[in-house]
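Single-structure report; data block below.
The values are calculated or read from the model by the stated rules, or taken from the named source; none is laboratory data. In this text, all values refer to a predicted model and were calculated from it rather than measured experimentally. Note that we place each Cβ from the backbone using ideal geometry, even for glycine, and neighbour counts take in every protein chain shown. Note: accessible area is taken over every heavy atom of the protein model, side chains too, but ligands, DNA and RNA are not part of it. Shrake-Rupley method; radii C 1.70, N 1.55, O 1.52, S 1.80 Å.
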Amino acid sequence: MVKIRLKRFGSKRNASYRLIVSDSRNAPSGQFIEELGYYNPTAEPAEYDINEEKALKWLNNGAQPSSTVKSLLKEAGIMSKFREQSS
């Protein structure tokens, strides 16, 4: 199964994340297929940038987002576009 999840970067107490597509059998910090964007929760307000075309492509191909990634995709409006395409 292919998952869309976060990969942690940064130093202690200064975490930032990349949104990646990877096989669920691989470790989150291990090998990945493609990078979709980034998420920085330590900034005020939190920053994120997600490549909409790539995210929609992977969602249409059956990739399952983690709970945190799903909330980021909802906030960016990508999940609503995905639901419109699939119906």
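Quick notes on this one:
- Taking the conditions (1) open to solvent by less than 90 Å² (accessible area, probe 1.4 Å); (2) within 13 Å of VAL21 (Cβ to Cβ) in turn, GLY77 satisfies each one other than (2).
- Among the residues of region 53-63, at least one is over 13 Å from ILE4 (Cβ atoms), assigned to a helix (DSSP H, G or I) and open to solvent by 60 Å² or more (accessible area, probe 1.4 Å).
- Consider region 41-52 and keep the residues that are touching a residue at least 24 places away in the same chain (Cβ under 8 Å) and part of a strand (DSSP E or B). The one that is least open to solvent (accessible area, probe 1.4 Å) is ILE50.
- The numbered conditions (1) over 14 Å from PHE82 (Cβ atoms); (2) assigned to a loop (DSSP other than H, G, I, E, B) are all true for SER22 except (2).
- Residue ID - farthest from the chain's Cα centre (by Cα), chosen from residues in region 1-40 that are open to solvent by less than 60 Å² (accessible area, probe 1.4 Å) and acidic (Asp, Glu): ASP23
- Restricting region 64-74 to residues that are open to solvent by 40 Å² or more (accessible area, probe 1.4 Å) and touching a residue at least 60 places away in the same chain (Cβ under 8 Å), the residue that is farthest from the chain's Cα centre (by Cα): GLN64
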